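Asker: Please read through the structure below; I'll follow up with questions.
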Amino acid sequence: MIIQFFIFILIASLLLALAEIQIEGEFGWAKKLPTWRKVITLGKLKFELTGYHLFFFSALFVLLHYRFVFQPFSIKDELFNISAYLFIVIFEDFFWFLFNPHYGLSKYNKEHVYWYKTWFLGFPIIYFMVLPLGIILLGLALTI
């Protein structure tokens with residue numbers, strides 16, 4: 001089951017990244033899109049939220065919960081949903097750079113990716129916050 005789960009995650013992430021590349025092109029973080037922007041500060045973490053990203057990823061979150069239309073809510077399924085969401089968001093982000101012809105791995109750094117302010121070991125720090133949380137939630141779902 002875990003293999004199917006991650007195959008789903010990778011396929012969904014890739015398709016969303018490819019769609020977002022078509023929408024944003026070379027202008028990451030919706031730079032050229034007609035969307036609102038708001039700077040959010042959480043302690044030392046500071047980032048810009050766009051209306052485009054808020055609604056794009058909110059739609060993903062809602063779609064991952066479709067199962068509750070047909071079956072009763074369960075904590076186990078909710079943990080799977082949230083972990084899937086967290087994995088998809090991070091893998092989609094990475095795939096955006098990997099498959100975007102205007103970026104690629106050579107431009108996957110703080111110099112070219114200005115919207116991520118803090119990097120660690122060659123990745124945006126947010127990856128190191130979101131991925132462990134996804135792993136923990138998936139582990140909890142598998143033990144319930």
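The values are calculated or read from the model by the stated rules, or taken from the named source; none is laboratory data. Computed from a predicted model, the values in this text were never measured in an experiment. All Cβ positions, glycine included, derive from the backbone under ideal geometry; neighbour counts span all protein chains shown.
Asker: Among GLU92, GLU78, which is at pLDDT 95 or above, among the charged types (D, E, K, R) and surrounded by 18 or more Cβ atoms within 10 Å (Cβ to Cβ)? Talk me through it step by step, then tell me what you get.
Answerer: Details: GLU78 fails: surrounded by 18 or more Cβ atoms within 10 Å (Cβ to Cβ).
Of the residues listed, the single one that is at pLDDT 95 or above, among the charged types (D, E, K, R) and surrounded by 18 or more Cβ atoms within 10 Å (Cβ to Cβ) is GLU92.
Asker: If you scan segment 1-60, which residues turn out to be among the β-branched types (Val, Ile, Thr) and within 23 Å of HIS112 (Cβ to Cβ)?
Answerer: Here is the first cut: in segment 1-60, the residues among the β-branched types (Val, Ile, Thr) are 2-3, 7, 9, 11, 21, 23, 35, 39-41, 50.
Answer for segment 1-60, where residues must be among the β-branched types (Val, Ile, Thr) and within 23 Å of HIS112 (Cβ to Cβ): ILE21, ILE23, THR35, VAL39, ILE40, THR50.
Asker: Among the numbered criteria (1) under 12 Å from the mean Cα position of the chain (by Cα); (2) not in a helix (DSSP H, G or I), which one does VAL89 miss?
Answerer: (2)
Asker: Then there's this: Among the residues of segment 1-57, count how many are assigned to a strand (DSSP E or B) and among the aromatic types (Phe, Trp, Tyr).
Answerer: Going residue by residue through segment 1-57, those that are assigned to a strand (DSSP E or B) are 37-42, 45-50.
Then keep just the ones that are among the aromatic types (Phe, Trp, Tyr); that gives 47.
Going through segment 1-57 one residue at a time, the tally reaches 1.
Asker: Follow-up. What's the number of the only condition in (1) in contact with a strand residue (DSSP E or B) (Cβ under 8 Å, 6 or more places away or on another chain); (2) surrounded by 14 or more Cβ atoms within 10 Å (Cβ to Cβ) that LYS38 fails to meet?
Answerer: (2)
Asker: How many residues, within segment 95-109, are assigned to a helix (DSSP H, G or I) and either out of contact with any helix residue (DSSP H, G or I) (no Cβ under 8 Å at 6 or more places or on another chain) or within 13 Å of TRP29 (Cα to Cα) (or both)? Explain how you work it out, then say what you get.
Answerer: First, pick out the residues of segment 95-109 that are assigned to a helix (DSSP H, G or I): 95-99, 105-107.
Right, trim to either out of contact with any helix residue (DSSP H, G or I) (no Cβ under 8 Å at 6 or more places or on another chain) or within 13 Å of TRP29 (Cα to Cα) (or both) and you get 96-97, 106.
So the count comes out to 3.
Asker: Within segment 117-144, which residues are touching a residue at least 60 places away in the same chain (Cβ under 8 Å) and in a loop (DSSP other than H, G, I, E, B)?
Answerer: Selection gives LYS117, THR118, ILE144.
Asker: Check LYS31, LYS46 and return the single one that is modelled with pLDDT of 95 or more and basic (Lys, Arg).
Answerer: Working: LYS46 fails: modelled with pLDDT of 95 or more.
One residue alone meets the criteria, LYS31.
Asker: Scan segment 116-144 for residues that are among the aliphatic types (A, V, I, L, M), closer than 16 Å to MET1 by Cα and either loosely packed, with under 13 Cβ neighbours inside 10 Å or in contact with a His (Cβ under 6 Å, 6 or more places away or on another chain) (or both) and jot them down. If you could, list the steps in order and put the result at the bottom.
Answerer: First, pick out the residues of segment 116-144 that are among the aliphatic types (A, V, I, L, M): 121, 125-126, 129-131, 133, 135-138, 140-142, 144.
Imposing the further condition that a residue be closer than 16 Å to MET1 by Cα reduces the set to 135, 137-138, 140-142, 144.
ILE144, the sole residue that qualifies.
Asker: So, LEU63, is that one closer than 22 Å to ILE7 by Cβ and in contact (Cβ under 8 Å) with a residue 40 or more places away in the chain or not?
Answerer: Against the criterion (closer than 22 Å to ILE7 by Cβ and in contact (Cβ under 8 Å) with a residue 40 or more places away in the chain), LEU63 does not qualify.
Asker: Out of (1) touching a residue at least 24 places away in the same chain (Cβ under 8 Å); (2) closer than 21 Å to LEU133 by Cβ; (3) loosely packed, with under 14 Cβ neighbours inside 10 Å, what's the single condition that is false for HIS102?
Answerer: In the conditions (1) touching a residue at least 24 places away in the same chain (Cβ under 8 Å); (2) closer than 21 Å to LEU133 by Cβ; (3) loosely packed, with under 14 Cβ neighbours inside 10 Å, HIS102 misses (2) alone.
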